[in-house]
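All remarks here apply to the structure that follows.
The values are calculated or read from the model by the stated rules, or taken from the named source; none is laboratory data. Keep in mind the model is a prediction, meaning the values are calculated, not measured. Ideal geometry is used to build each Cβ from the backbone, glycine not excepted, and the neighbour counts take in all protein chains shown.
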Amino acid sequence: MKPTAVGVAAFLIVGALALHAQQIWSGGYGYTPPRFPTRTTFNGSFNFCRALFTSNRREKSGWSTDYPGADLNFSTRLAELTKADVKISRGAGEDEMPDAVVVRLTDDALFQCPFVLMEDAGTAKFTPPEVVRLREFLLKGGFLLVSDYHGTYGREQFDEEISRVLPPSQYPIVDLTPPGPTIWNTMFRVQQLPQMASIQTWRRTGGTIERWNDDRSGPDARGIADTRGRLMVVMLHNTDVPDGWEREGEDPQYFFDFSPEAYAVGIDVVLYSMTH
């Protein structure tokens, strides 16, 4: 039987006892410059890749929402909870940490990433070259996870942008509500998509609904598959799953309430992306 979020929580607590303090990001605010790949970044191990894009309006922080804490903590937990060979950087003068990188949609480095995260994507506006390159990346076997975008306006905007990349007449958007689709049983059994708010919203309101969620709808999971049925894009709307990664070391109650489910969802998605 596959473990559920309760089992994930036990794994995370045991893993935390064995961690060096610097290996878990304990929150942080403000802007962190993007860490771009170098010629030595990709060596066959797993690198967490985040997409850099331009926003045409402001909701959260655009491409850098939850960066770099979500990327670093998720990579650390992926290495602990699975057999994935996560790339660790050991640069001169740096603490040992996962080699998580940011890629532009027009970079050749994009094609070295089996998995790419895009946050606050309801504010994204792709240029024509980005549309072409993202389509090429996805059709060649790449995978895009979209999370932490909220409300009807954000959903409509990203649907419009991704339809420029993958025309719905050929690549329709499909429902991925758990637990049925295969992706939600890759390692952990995800029975429902959790609704999560950022830690700031949770502290201010005690709730799980972000203020951009104008109709207060529940979370939804949708995807886009290629002609052979392989999912290329997974969109998790009205839920801030990456904050469950980034903020796990910042508030014990937030960790227990949200992080186990956030990691279960993320690890299932990443393992699917690397095995399909």
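Below is a table of values for the structure above.
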quantity: Among the candidates Thr32, Thr54, Thr65, Thr82, residue that is at pLDDT below 90 and under 30 Å from Phe158 (Cβ atoms); calculated: Thr32
quantity: Candidates Leu166, Leu138 - the one that is hydrophobic (A, V, I, L, M, F, W, C), over 19 Å from the mean Cα position of the chain (by Cα) and either at pLDDT below 95 or more than 24 Å from Ser259 (Cβ to Cβ) (or both); calculated: Leu166
quantity: Pairs with Cβ under 6 Å, 6+ apart, first in segment 121-149 and basic (Lys, Arg), second part of a helix (DSSP H, G or I) and crowded, with 23+ Cβ neighbours inside 10 Å; calculated: Arg135/Val165
quantity: Checking Trp212 against (1) surrounded by fewer than 22 Cβ atoms within 10 Å (Cβ to Cβ); (2) closer than 19 Å to Leu81 by Cβ; (3) among the aromatic types (Phe, Trp, Tyr), the condition it does not meet; calculated: (2)
quantity: Tally of residues being of a type in the set (S, T, N, Q), assigned to a loop (DSSP other than H, G, I, E, B) and farther than 21 Å from Ile267 by Cα across segment 204-239; calculated: 4
quantity: In segment 189-203, residue nearest to the chain's Cα centre (by Cα) [restricted to those that are outside any loop (DSSP other than H, G, I, E, B) and surrounded by fewer than 17 Cβ atoms within 10 Å (Cβ to Cβ)]; calculated: Gln200
quantity: Residues that are within 19 Å of Pro129 (Cα to Cα) and touching a Phe, Trp or Tyr at 6+ places or on another chain (Cβ under 9 Å), drawn from segment 142-161; calculated: Gly142, Phe143, Leu144, Gln157, Phe158, Glu161
quantity: Qualifying positions in segment 53-75 - out of contact with any Pro (no Cβ under 6 Å at 6 or more places or on another chain) and outside any loop (DSSP other than H, G, I, E, B); calculated: Ser55, Gly62, Trp63, Ser64, Gly69, Asp71, Asn73, Phe74
quantity: Test: Leu117 is surrounded by fewer than 24 Cβ atoms within 10 Å (Cβ to Cβ), aliphatic (A, V, I, L, M), at pLDDT 95 or above and within 30 Å of Gly151 (Cα to Cα); calculated: no
quantity: Whichever residue in segment 218-258 is closer than 15 Å to Gln200 by Cα and polar (S, T, N, Q) and, among such residues, is surrounded by the fewest Cβ atoms within 10 Å (Cβ to Cβ); calculated: Gln253
quantity: Residue list for segment 81-135, restricted to those being among the charged types (D, E, K, R), within 16 Å of the chain's Cα centre (by Cα) and within 20 Å of His276 (Cα to Cα); calculated: none
quantity: Odd one out for Asp243, checked against (1) within 24 Å of Arg57 (Cα to Cα); (2) assigned to a strand (DSSP E or B); calculated: (2)
quantity: Filter result (aromatic (Phe, Trp, Tyr) and under 14 Å from the mean Cα position of the chain (by Cα)) within segment 224-276; calculated: Trp245, Tyr263, Tyr272
